[in-house]
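Trainee: One structure, pasted below without further comment.
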Amino acid sequence: MIEFENLKKSNEKLFNEYEIISNETIESGWYILGKNVKKFEKEFAEYNGSKYCIGVGSGLDALILSLKSFDFPKDSEVIVPSNTYIATILSIAHNGLKPVLVEPDINSYNIDYTKIEEKITAKTKAIIVVHLYGKPCDMNPILSIAKKYNLKVLEDCAQAHGARYFGRKVGTFGDYGAFSFYPTKNLGALGDAGAILCNKAELVEKIKTLRNYGSKEKYHFEKIGYNSRLDELQAGFLSVKLKKLDEINEHKRKLAKIYSKYLKNDFIKPIVDKNYYDVYHIYNVRHKARNRLKEYLLKNEILTEIHYPIPPHRQKSMELILKGDYPISEEIHKTTLSLPISYFHSEDDIYKVIEIMNKF
């Protein structure tokens, strides 16, 4: 059996260091916003080439708090790709804002910048770009559009830790870079965790206030805030794993290269561009008989996933929020399949998957 993911195996090499940091944290007696959080915030900011990092409770919270800090009027519009994970759109809805869907590029699966301007209105305040599957968005034209219309840019980097666009790490182009450290991510914690990158000190203070009940000073509450603080234990684990992130990314890139070279062209494979450093949180292919392919692989003891089976505008929770037809998103959701590509997978695992897939 070739598993799609096994978090125990993916983290085994770090267990000894995790145990040390766990014991140190427990014995310290300081469990909320302590030295581990400060250390990881500093390290993650430096790793990405950002001035600041603020640890929060999850990737969704990172998006919610980032949008909240802008203080947009209710019913303001936020542009977002139509094929993103639901969390991106939830962050807009939770802020009382209106998500405006823009179709992705069918080749990259990221937002199609050529379709953004036609969706901009007087109410548009921001663009959320999503570096889906670990592939950076085409940021230069997006930033030009944002500048032209005076829009904020928020990067959803939940799947793109360490990804680079023309040599620069994602999460540092927009006003904020929002990250999830959900356990399956390339930089995954052992529970929920998230962070926000930012280069403006005044915005950092807003986020730090919002994440802690709206308080800068104990028992003084300036804003209607949240309880969304990166946990001390998770911050410690993330500091340990951050040292391995480049190695994890390179391993996944090596496995992706094997897939791309040896899989038949019956499968639509991820596009590759020398100016984009993709980190392959997910290696997806597309096939018109996706469901049959998934069943076939299961019968041959290869586990796969679908990211994602239902587009956002078809979700029950969105039926009163998202209107319109999105055929490109529908096509992607109907045909995409995610193949095994974890840190614990070997090259032999990937060659085995290829051998079986090429017989389909």
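Trainee: Only one of ASN284, ASN265, ASN275, ASN249 is assigned by TED's automatic domain parsing to the domain that holds ILE350, under 26 Å from ILE354 (Cβ atoms) and surrounded by fewer than 18 Cβ atoms within 10 Å (Cβ to Cβ); which?
Mentor: Going through ASN284, ASN265, ASN275, ASN249 in turn, just one is assigned by TED's automatic domain parsing to the domain that holds ILE350, under 26 Å from ILE354 (Cβ atoms) and surrounded by fewer than 18 Cβ atoms within 10 Å (Cβ to Cβ): ASN265.
Trainee: Could you please give the count of residues in the stretch 308-321 that are surrounded by fewer than 20 Cβ atoms within 10 Å (Cβ to Cβ) and in contact with an Asp or Glu (Cβ under 9 Å, 6 or more places away or on another chain)?
Mentor: Of the residues in the stretch 308-321, 1 are surrounded by fewer than 20 Cβ atoms within 10 Å (Cβ to Cβ) and in contact with an Asp or Glu (Cβ under 9 Å, 6 or more places away or on another chain).
Trainee: Now for a separate question. In this structure, does TYR343 turn out to be aromatic (Phe, Trp, Tyr), in contact (Cβ under 8 Å) with a residue 24 or more places away in the chain and assigned to a helix (DSSP H, G or I)?
Mentor: Considered against the rule, which asks whether it is aromatic (Phe, Trp, Tyr), in contact (Cβ under 8 Å) with a residue 24 or more places away in the chain and assigned to a helix (DSSP H, G or I), TYR343 comes out as no.
Trainee: Does ASN83 satisfy the criteria of being of a type outside the set (Ser, Thr, Tyr), crowded, with 24+ Cβ neighbours inside 10 Å and either more than 16 Å from PRO136 (Cβ to Cβ) or not assigned by TED's automatic domain parsing to the domain that holds LEU320 (or both)?
Mentor: Here the answer is yes, as ASN83 does meet what is asked.
Trainee: Do we find a residue being part of a loop (DSSP other than H, G, I, E, B), within 25 Å of PRO183 (Cα to Cα) and in contact with a Lys or Arg (Cβ under 7 Å, 6 or more places away or on another chain) anywhere in the stretch 316-336?
Mentor: No, the stretch 316-336 has no match at all.
Trainee: For the stretch 1-57, list the helices (runs of 4 or more DSSP H) that sit wholly inside it and hold at least 2 residues that are more than 30 Å from GLU301 (Cβ to Cβ); which are they?
Mentor: Output list reads 15-28, 35-48.
Trainee: Name the single residue, out of those in the stretch 322-335 being in contact with a helix residue (DSSP H, G or I) (Cβ under 7 Å, 6 or more places away or on another chain) and either of a type in the set (A, V, I, L, M) or surrounded by 20 or more Cβ atoms within 10 Å (Cβ to Cβ) (or both), that is farthest from GLU247 (Cα to Cα).
Mentor: If we take residues in the stretch 322-335 being in contact with a helix residue (DSSP H, G or I) (Cβ under 7 Å, 6 or more places away or on another chain) and either of a type in the set (A, V, I, L, M) or surrounded by 20 or more Cβ atoms within 10 Å (Cβ to Cβ) (or both), then LEU322 is farthest from GLU247 (Cα to Cα).
Trainee: Kindly check whether there is at least one residue in the stretch 120-130 that is part of a loop (DSSP other than H, G, I, E, B), touching a helix residue (DSSP H, G or I) at 6+ places or on another chain (Cβ under 9 Å) and at pLDDT 95 or above.
Mentor: yes
Trainee: Please go through the stretch 260-276 and give me each residue that is in contact with a helix residue (DSSP H, G or I) (Cβ under 6 Å, 6 or more places away or on another chain) and touching a residue at least 60 places away in the same chain (Cβ under 8 Å), ordered by number.
Mentor: If the condition is that a residue be in contact with a helix residue (DSSP H, G or I) (Cβ under 6 Å, 6 or more places away or on another chain) and touching a residue at least 60 places away in the same chain (Cβ under 8 Å), then TYR262, LEU263 are the ones that fit.
Trainee: Right, next: When you go through THR172, THR184, THR209 one by one, which is the residue that is of a type in the set (Val, Ile, Thr) and surrounded by fewer than 19 Cβ atoms within 10 Å (Cβ to Cβ)?
Mentor: THR184
Trainee: Enumerate the pairs (first residue in the stretch 2-18 and surrounded by 13 or more Cβ atoms within 10 Å (Cβ to Cβ); second residue anywhere and part of a helix (DSSP H, G or I)) with beta-carbon separation below 7 Å, excluding pairs fewer than 6 apart on the same chain, so at least 6 apart or on different chains.
Mentor: Qualifying pairs under 7 Å: ILE2/ASP349; ILE2/LYS352; ILE2/VAL353; LEU14/VAL240; LEU14/LYS241; GLU17/VAL240; TYR18/PHE237; TYR18/VAL240.
Trainee: Pick from LYS51, LYS74, LYS42, LYS8: which is charged (D, E, K, R) and over 24 Å from the mean Cα position of the chain (by Cα)?
Mentor: After ruling out the rest, the residue left standing is LYS74.
Trainee: State yes or no: is LYS206 assigned to a helix (DSSP H, G or I), in the same structural domain as ALA45 (by TED's automatic domain parsing) and among the basic types (Lys, Arg)?
Mentor: It is true that LYS206 is assigned to a helix (DSSP H, G or I), in the same structural domain as ALA45 (by TED's automatic domain parsing) and among the basic types (Lys, Arg).
Trainee: Here are LYS352, LYS261, LYS254, LYS274: which of them is part of a helix (DSSP H, G or I) and either modelled with pLDDT under 95 or within 24 Å of the chain's Cα centre (by Cα) (or both)?
Mentor: Result of the check over LYS352, LYS261, LYS254, LYS274: LYS254.
The values are calculated or read from the model by the stated rules, or taken from the named source; none is laboratory data. Keep in mind the model is a prediction, meaning the values are calculated, not measured. So basically every Cβ, Gly included, is an ideal-geometry build from the backbone, and we count neighbours across all protein chains shown.
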